[in-house]
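Scroll down for the structure; my scribbles are underneath it.
The values are calculated or read from the model by the stated rules, or taken from the named source; none is laboratory data. Remember, it's a predicted structure, so these values are computed and weren't measured experimentally. In this analysis, Cβ positions are derived from the backbone assuming ideal geometry, glycine residues included, and neighbour counts consider all displayed protein chains.
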Amino acid sequence: MTPASSDEAAMAMIRKSAAEMRGFTLSEAQQARLKAMSEEDIQRQAESDPDALPATDEELERARLSRKLRQLRR
């Protein structure tokens, strides 16, 4: 991940459950920072974070199969 410039505060990683995330909203500063980023900036930052790498085609296919299996089992 690229270090934040001196005028930007780095965003910390926080783990929360789905229940804790209900009603969550970004602050105005966070929204402005996100809106100012291009798609390429977002993609580049996602790819540089080893804990949040985009899924590969193989991983996406496995997820689709898993979802189909769960639906069939219902």
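What the table below lists for this structure:
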| read-out | value |
| --- | --- |
| Single residue of the range 1-17 satisfying the filter (of a type outside the set (V, I, T), closer than 21 Å to A46 by Cβ and under 17 Å from the mean Cα position of the chain (by Cα)) that is modelled with the lowest pLDDT | M1 |
| Residue within the range 59-73 that is free of Cβ contacts under 8 Å to residues at least 60 places away in the same chain and in a loop (DSSP other than H, G, I, E, B) present | no |
| Hits in the range 22-50 - residues which are exposed (fewer than 12 other Cβ atoms within 10 Å of the Cβ) and among the basic types (K, R) | R22, K35 |
